[in-house]
Structures are given as structure tokens and as C-alpha cells.
Amino acid sequence: MVWTPEEDAKLLRMVAQYGPSSWSQIAQHLPGRVGKQCRERWHNHLSPEVKTENFTEEEGGPSPPFPFDRLILQAVAEHGTKWALIVKLIPGRTDNAIKNRWNSATRK
């Protein structure tokens, strides 16, 4: 089920009220949502720590064809595709964003 702007707004209010940890309690205020959905929406999309703009040159972007995402390439060479570990090396990006960037770049 796709998140609506109204649900996003309510989730933001609930996180402001309860903090980014009481996901089951927060989900009670969002009918049809469970704590895990709320947590993932927050951590992958709504948290102010998440960068949503294009990857920077320092991160290996942006000009196609990709200069090939140096940090991601180095991290995968060293750690394999352990996205939860790699995400710690690229602050502000989610593991899903990094994985998508990797998959997109390796297909080209």
C-alpha cells in the first residue's frame, strides 16, 4: 500500500511526539499500518538525516555514464554486497538507495 501525503504528515507528527523508536505505538495512530512499515518509512524516506538529492561527485555521482561510484565500488570490493555495513561508510544514504545505485550502475 502506497503511503499518502497525509500518512507521511501524521507519521512525522507521531515521531515528533514519541521519538523515532516507539514504532508499534506510532502505528496505532496510522490505521492499516504496522510498526515495521512506520520504521522503514521513517528511516528510508522521512528522517531529516536521509539524503534524497542525487549522489554527489564525492559519493561517485552524478554524470552518466557513472564515473563509477567510487565509494560504493571500493566498499563492495572490500566487503561484498553487505549493504548494512556499506551504509555506514556513506552517511545520509540508506542501504536501499546504495543498493539501487549499485544495481543501476552495474547494469549499464
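Below are the figures for this structure:
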read-out: Of all residues in segment 20-59 being over 17 Å from the mean Cα position of the chain (by Cα) and modelled with pLDDT under 95, the one that is farthest from Asn96 (Cα to Cα); value: Ser22
read-out: Residue check for Ala16: exposed (fewer than 11 other Cβ atoms within 10 Å of the Cβ), of a type in the set (A, V, I, L, M, F, W, C), modelled with pLDDT of 95 or more and outside the structural domain of Thr94 (by TED's automatic domain parsing); value: yes
read-out: Scan of segment 80-100 for residues that are more than 13 Å from Asp69 (Cα to Cα), of a type in the set (S, T, N, Q), surrounded by fewer than 18 Cβ atoms within 10 Å (Cβ to Cβ) and at pLDDT below 90, ordered by number; value: Asn96
read-out: Filter pass, Pro67 being modelled with pLDDT under 85, more than 18 Å from the chain's Cα centre (by Cα) and surrounded by fewer than 15 Cβ atoms within 10 Å (Cβ to Cβ); value: yes
read-out: Contacts under 7 angstrom Cβ, first residue in segment 66-77 being within 15 Å of Asn100 (Cα to Cα), partner at pLDDT 85 or above and hydroxyl-bearing (Ser, Thr, Tyr), 6 or more apart; value: none
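The values are calculated or read from the model by the stated rules, or taken from the named source; none is laboratory data. Every value quoted in this text rests on a predicted model; they were computed, and no experiment measured them. Heads up, the Cβs are rebuilt from the backbone with ideal geometry, glycines too, and the neighbour counts pull from every protein chain shown.
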